[in-house]
Amino acid sequence: MQETPRANRLHIGLFGKRNSGKSSLINALTNQEVALVSDIAGTTTDPVYKAMEIHGIGPCVFIDTAGLDDEGELGALRIQQTMRAMDRTDIALLVCTGDDIEKELEWSRLLKEKNIPVIWILNKADLLTDVTSTIRSIEKKCGQVPLGVSACTKQGMEDIRRSLIAKLPDETMSRGIVGKLVEEGDTVMLVMPQDIQAPKGRLILPQVQTIRELLDRKCLVMSCTTDQIDCMLQALVHPPKLIITDSQVFKTVYEKKPSASRLTSFSVLFAQYKGDIDYFIEGANAIGRLTENSRVLIAEACTHAPLTEDIGRVKIPNMLRKKFGSGLLIEHVSGTDFPEDLSKYDLIIHCGACMFNRKYVLSRVEQARKQNIPMTNYGVTIAYLAGILDKIDS
């Protein structure tokens, strides 16, 4: 069965001290033994991601994190990993077992700074002699009435589910890849070069997801490779409402497209789906200010062996150096590697980030914004360099 990619799922992070029952809560919420449980404090080390389907919430990912009070050198590293997991979190469950919540309050402030909704959970309520007074004490300190629950007896699991539904961001239910660019019955033409970068025998994830959404929206979907554009257009009675292309052939497709057809790329679509398209378009203006002495960071979500035609490792660097000089310094990071200090860069160019959830991409955008570093993405960059950015739809 084809599952919803993890990057497209709501990410629910559980944060709390060691032995507060975070792993047990995940098991109780999902009715499955998905997280390792032990009476020994510190059983969870690195964050554990578990994809689930919850009624009323839909596809989601629970993030089980290490204790906020972890100790020692290894403990500090585990807390650092928990901080990184926070960047992926859409909704946080802040778990405590009593009203001594000084450490939890610190993390609550961090979550608030990142605009992450927080649900306070008083776990192990079945072990307390006076649950009501403990709840009142916590409310007085944090300003929110915690949910009194028990992972052991499964008391309060439905309350957590309802609270999660109430905190769902609106975009979780409505955000789409193609946005308002198409309507039911529209013909959409996809131009997908099958070059060395294309995986043997299958399509890349952004293409698959885009096709699925177009089919769900009752569009007529036509696909071709770059060399078959003319044949495809001739086979159609009317020009397609929208053409979605691989960014690498933006210029070629733009020159061949009918004037009635709108044009965009998979990468540009994902720029608005996963990131901040306005900031990326604004960031593209910084490309024109680059010089041979500038420094550019190219960030890839995937960790893969670079190919001879790799867009991020080869094609975009070649385009930039051809325009601004061979001395232009370009650095690369991939996967979850991303510098804390971005001050040495004049521009950041990010991939489409199909492997990241939107919250994680936006956390990187916010990091760049706070440090006043322009940021854009592959598709926007190529459209800018081709001189057609103002002709592209997003």
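3J(HN,Hα) couplings calculated from phi for region 98-110 with the Karplus curve 6.51 cos²θ - 1.76 cosθ + 1.60 (θ = phi - 60°) are, in sequence order, x, 8, 7, 10, 4, 5, 5, 5, 4, 6, 4, 5, 5 Hz; Gly and Pro show x.
Element breakdown for the chain at a 1.4 angstrom probe: carbon and sulfur atoms account for 48% of the accessible area.
Using just the helices of the chain, give the 222 nm mean residue ellipticity in deg cm²/dmol: DSSP H runs with n ≥ 4 each add -39,500 (n - 2.57), and the total is spread over all residues, rounded to 500.
After summing the helix terms and dividing by the residues of the chain, the value is -10000 deg cm²/dmol.
Rounded to the nearest 5, the antiparallel percentage of DSSP beta bridges internal to the chain is 15%. For GLU184, the solvent-accessible surface with a 1.4 Å probe is about 140 Å², rounded to the nearest 10. Probing with 1.4 Å while keeping every protein chain in the model, the per residue accessible area of region 249-352 equals 45 Å². ARG6 contributes an accessible area of around 110 Å² to the protein surface, as traced by a 1.4 Å probe with all chains present. Counting only residues at least eight positions apart within a chain, or on another chain, the lysines with an alpha carbon under 20 Å from that of LYS315 are LYS251, LYS323.
3J(HN,Hα) couplings calculated from phi for region 229-234 with the Karplus curve 6.51 cos²θ - 1.76 cosθ + 1.60 (θ = phi - 60°) are, in sequence order, 4, 4, 4, 5, 5, 5 Hz; Gly and Pro show x. Within straight-line reach of LYS344, meaning a Cα separation under 19 Å, sit the following lysines at least 8 residues removed in sequence or on another chain: LYS370. If you look at the Cα atoms of region 140-292, you get an Rg and a Dmax of 21.9, 70 Å. Solvent-accessible surface of protein heavy atoms, probed at 1.4 angstrom with all chains present, puts THR129, THR336 in the order THR129, THR336, largest first. Computed with a 1.4 Å probe on the full set of protein chains, the accessible area for CYS142 sits at about 40 Å².
Taking amide H atoms as placed 1.01 Å from N in the peptide plane, the amide H of ALA353 lies under 5 Å from those of ALA301, each 5 or more residues away in sequence or on another chain. For the chain, the dipole from Cβ point charges (+1 on Lys and Arg, -1 on Asp and Glu) about the Cα centre works out to 700 debye, to the nearest 20.
Judged by the gyration tensor of its Cα atoms, with axes a ≥ b ≥ c, region 265-394 is rounded; a/c sits under the 1.5 cut. Residues TYR360, TYR49, ordered by accessible area of protein heavy atoms at a 1.4 angstrom probe radius and largest first, appear as TYR49, TYR360. Ranked from largest to smallest solvent-accessible area, with a 1.4 Å probe on the protein heavy atoms, ASP216, ASP126, ASP310 come out as ASP216, ASP126, ASP310.
Taking only Cα atoms, what is the 0 to 90° angle, nearest 10, from helix 358-370's long axis to the longest principal axis of the chain? Roughly 80 degrees, rounded to the nearest 10.
Summing +1 for each Lys or Arg and -1 for each Asp or Glu among the other residues whose beta-carbon sits under 9 angstrom from that of ILE382 gives +2. Partners of LYS103 within straight-line reach, counting lysines whose Cα lies under 23 Å from its Cα and excluding those fewer than 8 residues away in the same chain: LYS17, LYS22, LYS112, LYS114, LYS124, LYS140, LYS141. Relative to the dominant Cα principal axis of the chain, helix 72-86 is inclined by about 60°.
Taking GluC sites (Glu not before Pro) across region 245-317, the ones in a DSSP loop with at most 15 further Cβ atoms lying within 10 angstrom of their Cβ are GLU292, GLU309.
The values are calculated or read from the model by the stated rules, or taken from the named source; none is laboratory data. If you're wondering where the values come from, they're calculated on a predicted model, not measured in any experiment. Counting neighbours? That spans all protein chains shown, and the Cβs are built from the backbone with ideal geometry, glycine included. Heavy atoms of the whole protein, side chains included, go into the accessibility calculation; ligands, DNA and RNA do not. Shrake-Rupley method; radii C 1.70, N 1.55, O 1.52, S 1.80 Å.
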